[in-house]
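Chemist: There's a structure below that I have some questions on.
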2 protein chains.
Amino acid sequence: MGFVEKLLTAARHNDSLLCVGLDPELSRLPAHLQALPLDRAVTQFCREIIEATAPYVCAFKPNLAFFEQLGVDGMRVFQQVVKAVPSEIPVIADAKRGDIGNTAKAYAVSIFDEFGCDAVTVNPYLGYDSVAPFLAYREKGVILLCRTSNPGARDFQDLPVQGPDGQVRPLYEVVAQRIQAWNEAGNCGMVVGATYPEELCRLRTLCPDLPILIPGIGAQGGDLEAAVRAGVDARGEKAIISASRSVLFAGSGPDFAHAATREAQRLRDAINKARRHQ
Amino acid sequence: MGFVEKLLTAARHNDSLLCVGLDPELSRLPAHLQALPLDRAVTQFCREIIEATAPYVCAFKPNLAFFEQLGVDGMRVFQQVVKAVPSEIPVIADAKRGDIGNTAKAYAVSIFDEFGCDAVTVNPYLGYDSVAPFLAYREKGVILLCRTSNPGARDFQDLPVQGPDGQVRPLYEVVAQRIQAWNEAGNCGMVVGATYPEELCRLRTLCPDLPILIPGIGAQGGDLEAAVRAGVDARGEKAIISASRSVLFAGSGPDFAHAATREAQRLRDAINKARRHQ
């Protein structure tokens, strides 16, 4: 089963477009876990979050940086966390990799073959041949950064660019057009921040069928309802609404997993309400 | 000692602008090492290359992808390889990371604190706040992708953009201007491929003092002499001329380290000849 089909199946089964981002910030782990060695604390935290929220999500999105900061143990922890995700729920490795051909291939081997993730986030700045080695895994998802949710996104992504068709548009729209063209195997997606619903709406029009990963709700302050309405496809699907800190750190005590369940359920329901009252 | 000073000191001591890229492609390791378990083979290969070429380089540049493809063992191998570099030679982690604030900070912790690298390559697509957490390590080098050496670089980097000053220029020039502006602590650099010496020349004019990391000579086919002349600063320094495969795989037998020595020496001398006959 390819990534998009696995995503849609999980989303329908759990009636959810919510993706929980696994960004285990060390300083914010619950106090009772901070007594453990760091690698064990992170593993246990992520396992409990996964178990507590799995019925309410369409995907999990572990962020490599928070595992890499554990040093040599990081990738073992990452492997354990990926394995803790139920097999029917897709794992999106939030890695934002991007490098030339033979290097991109090595990254794809790492993320898809070694760690068995279902999809990866990729930075498009190096162009087609940096993306092709990921695309060659036709059953895996390749989710390209388009318009990100941070303030610095304006520095380059928003600049007016003369695209290959001669029209002047923001760089992120040219990127979206290229992603659309690269989607021959139907395994592309794109990242568009929730903080700019009008841009999201325009990008959904340019790319009616692509899955859109939408971070920036919750802690980052995006408007959930506007983002959901702008991001879903014509069938009310293919938006992956990602929340990390607001779910992971909904509670800070020994009951953090219960708090995460409640927050995931609340978000799932709020997303469903928005997409069903368009 | 900050990165730029460490780089200049090593370059002057070894009279070299050559940087050896450590990209251990598994299928190209010498036959006698392929009998070992992969992690040991990669460690031994890199150690021997480092020992064989250290007198002829200004820096080593291990590429994270080739360690990550080893799976859970990869970061242990990476750590051993970084530790094998003599302390007076800077290590540039070729990681091409780029993510929003708190995630970028975790990547910086990994590369600078956990693994002790002297510099890192960073993708600029997410803008200033994705770069700031790296820049905050004022003694470490932050080398931003500007104009890369691969064919796909044309997809976005070359597009005509209206910059903040109202002028239309290729995106990579706008990126170079921003890097220049971000260089408050004097710890920025940029990556410009050797395959386009005219662009390199123009970027050197825009950024007269930045260290420029120049990959693409040797296996990637750039013209060494033109790249060196275009890339060095007014004093004939601050170009980091990177070669990977042509050095690593100069030989394929048990004598690969000797072959690497000869190739590194030859490249160093060719670079010096070019920079001294401008």
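The values are calculated or read from the model by the stated rules, or taken from the named source; none is laboratory data. Values in this document were obtained by computation on a predicted structure and should not be read as measured data. Cβ placement follows ideal geometry from the backbone for every residue including glycine, while neighbour counts extend to all protein chains displayed. Just the protein is used for accessible areas: all its heavy atoms, side chains included, with ligands, DNA and RNA removed. Shrake-Rupley method; radii C 1.70, N 1.55, O 1.52, S 1.80 Å.
Chemist: How about residue B:105: which lysines have a C-alpha closer than 30 Å to its C-alpha, ignoring those fewer than 8 places off in the same chain?
Modeler: A:61, A:83, A:96, A:105, A:140, B:6, B:61, B:83, B:96, B:140, B:238
Chemist: Distances from residue A:32 to the same position in the other copies: list them in nm, one decimal, shortest first, using label points 7 Å from Cα along Cα→Cβ.
Modeler: 5.7
Chemist: Give the B-A buried accessible area in Å², both sides summed, 1.4 Å probe, nearest 100. Mind showing how you got there, number by number?
Modeler: Numbers: alone 12230 and 12200 Å², together 19480 Å².
Rounded to the nearest hundred, the buried surface is 5000 Å².
Chemist: Evaluate E = 1/(1 + (r/R0)^6) for residue A:233 and residue A:40, where r is the Cβ-Cβ distance and R0 equals 41 Å; express this FRET efficiency to the nearest 0.05.
Modeler: Numbers: r = 41 Å, r/R0 = 1.00.
Rounded to the nearest 0.05, the efficiency is 0.50.
Chemist: Antiparallel versus total DSSP beta bridges in the protein assembly as shown: what percent is that, nearest 5?
Modeler: Details: 7 of 61 bridges.
The antiparallel fraction comes to roughly 10 percent.
Chemist: Same structure again: Report P(r) for the stretch A:193-255: all Cα-Cα distances, bin width 5 Å, range 0 to the bin holding the largest distance, values in whole percent.
Modeler: In whole percents, the pair-distance histogram is 4, 20, 28, 19, 11, 8, 5, 3, 1, 0.
Chemist: Equivalent-ellipsoid semi-axes (√(5λ), Cα gyration tensor) for the stretch B:1-83, whole Å, largest first?
Modeler: Working: eigenvalues 135, 39, 17 Å².
Computed over the stretch B:1-83, the values are 26, 14, 9 Å.
Chemist: Contact order normalised by length for chain A, with contacts defined as Cα pairs under 8 Å and 6 or more residues apart; what percent is it? Mind dumping the intermediate values first?
Modeler: Working: 547 pairs, mean separation 58.6, N = 278.
Contact order relative to length: 21 percent.
Chemist: Here's another thing I want to ask about it. Would you rank B:255, B:118 by solvent-accessible area, highest first, keeping every protein chain in place and using a 1.4 Å probe?
Modeler: Numbers: B:255 75, B:118 25 Å².
Order by accessible area, largest first: B:255, B:118.
Chemist: Another question, then. In square angstrom, rounded to the nearest 10, how much accessible surface does residue A:87 have for a 1.4 Å probe?
Modeler: Approximately 100 Å² for this residue.
Chemist: Against the globular-protein guess of 2.2 N^0.38 Å, express the Cα radius of gyration of the stretch B:98-182 as a ratio, rounded to two decimals.
Modeler: It is 1.17.
Chemist: Compute the signed sum of charges (Lys and Arg +1, Asp and Glu -1) over the other residues within less than 15 Å, Cβ to Cβ, of residue B:145. Mind showing how you got there, number by number?
Modeler: On the way: positive: A:96, A:97, B:61, B:96, B:97, B:147, B:154, B:178; negative: A:99, A:129, A:155, B:94, B:99, B:155, B:158, B:173, B:199.
Charge balance near residue B:145 sits at -1.
Chemist: Amide H neighbours of residue B:99 under 5 Å, at least 5 residues apart or on other chains, H built in the peptide plane: list them.
Modeler: Answer set, sorted by chain and number: B:104.
Chemist: Right, another one. For residue B:213, what residues show an amide H to amide H distance below 5 Å, using hydrogens built from the backbone and excluding near sequence neighbours?
Modeler: It is B:190, B:191, B:192, B:240, by chain and number.
Chemist: Per-residue accessible area for residue A:114 at 1.4 Å probe radius, Å² rounded to 10?
Modeler: 80
Chemist: Kirkwood hydrodynamic radius for the protein assembly as shown: how many Å is it when counted over pairs of different Cα atoms? Could the numbers behind the result be given before it?
Modeler: Numbers: mean 1/r = 0.0421 Å⁻¹.
The Cα-based Kirkwood calculation yields 23.7 Å.
Chemist: With every protein chain in place, what's the accessible area of residue A:277 (1.4 Å probe, Å², nearest 10)?
Modeler: Surface open to solvent at residue A:277 totals about 120 Å².
Chemist: Among A:209, B:94, what's the order by accessible area (1.4 angstrom probe), most exposed first? Could you put the intermediate results ahead of the total?
Modeler: Values: A:209 100, B:94 5 Å².
Descending order: A:209, B:94.
Chemist: Also, quick follow-up: Antiparallel as a % of all DSSP beta bridges within chain B, to the nearest 5? Could you put the intermediate results ahead of the total?
Modeler: Numbers: 3 of 30 bridges.
Percentage antiparallel, nearest 5: 10.
Chemist: Report, for residue B:1, each distance to the same residue's label point in the other copies, shortest first and in nm; define the point 7 Å along Cα→Cβ.
Modeler: Those separations, rounded to one decimal, come out as 5.7 nm.
Chemist: Calculated from DSSP H runs of 4 or more alone, at -39500 (n - 2.57) each and per residue, what is the 222 nm mean residue ellipticity of chain B, nearest 500? Display every interim value, and only then the final one.
Modeler: Values: 13 runs with 122 residues, N = 278.
Helix-only estimate at 222 nm: -12500 deg cm²/dmol.
Chemist: Once neighbouring chains are kept in place and the probe is 1.4 Å, which whole percent of the accessible area of the protein assembly as shown is contributed by carbon and sulfur? Intermediate values should be presented prior to the final figure.
Modeler: Values: 9400 of 19480 Å².
That fraction is 48 percent.
Chemist: Any chance you could list P(r) for the stretch A:144-243, counting all Cα-Cα pairs in 10 angstrom bins from zero, rounded to whole %?
Modeler: P(r) for the stretch A:144-243, in whole percents per bin: 17, 51, 29, 3.
Chemist: How large are Rg and Dmax for the stretch B:3-276 when calculated on the C-alpha trace, in angstrom?
Modeler: Computed over the Cα atoms of the stretch B:3-276, radius of gyration and Dmax are 17.8, 59 Å.
Chemist: Next question. Kindly give the distances from residue B:164 to its copy-mates, label point to label point, with each label point 7 Å from Cα along Cα→Cβ, as nm values to one decimal ordered shortest first.
Modeler: Listed shortest first, these distances are 3.0 nm.
Chemist: Rounded to the nearest 0.05, what FRET efficiency is calculated for residue A:138 and residue B:26 with R0 set to 35 Å and r the Cβ-Cβ distance?
Modeler: Details: r = 23 Å, r/R0 = 0.66.
Efficiency for this residue pair is about 0.95.
Chemist: For B:199, A:184, A:5, write out the residues from largest to smallest accessible area, computed with a 1.4 angstrom probe and no ligands counted.
Modeler: Working: B:199 35, A:184 170, A:5 105 Å².
In descending accessible area the options line up as A:184, A:5, B:199.
Chemist: Starting at the first residue of the stretch A:244-253, write each ³J(HN,Hα) from the Karplus equation 6.51 cos²θ - 1.76 cosθ + 1.60 with θ = phi - 60°, in whole Hz, x for Gly and Pro.
Modeler: For the stretch A:244-253, the Karplus-derived couplings read 10, 4, 5, 8, 4, 10, 4, x, 10, x Hz, x marking Gly and Pro.
Chemist: Set the Förster distance to 41 Å, then compute FRET efficiency between residue A:1 and residue A:205 from the Cβ-Cβ distance, nearest 0.05.
Modeler: Numbers: r = 29 Å, r/R0 = 0.70.
Calculated value: 0.90.
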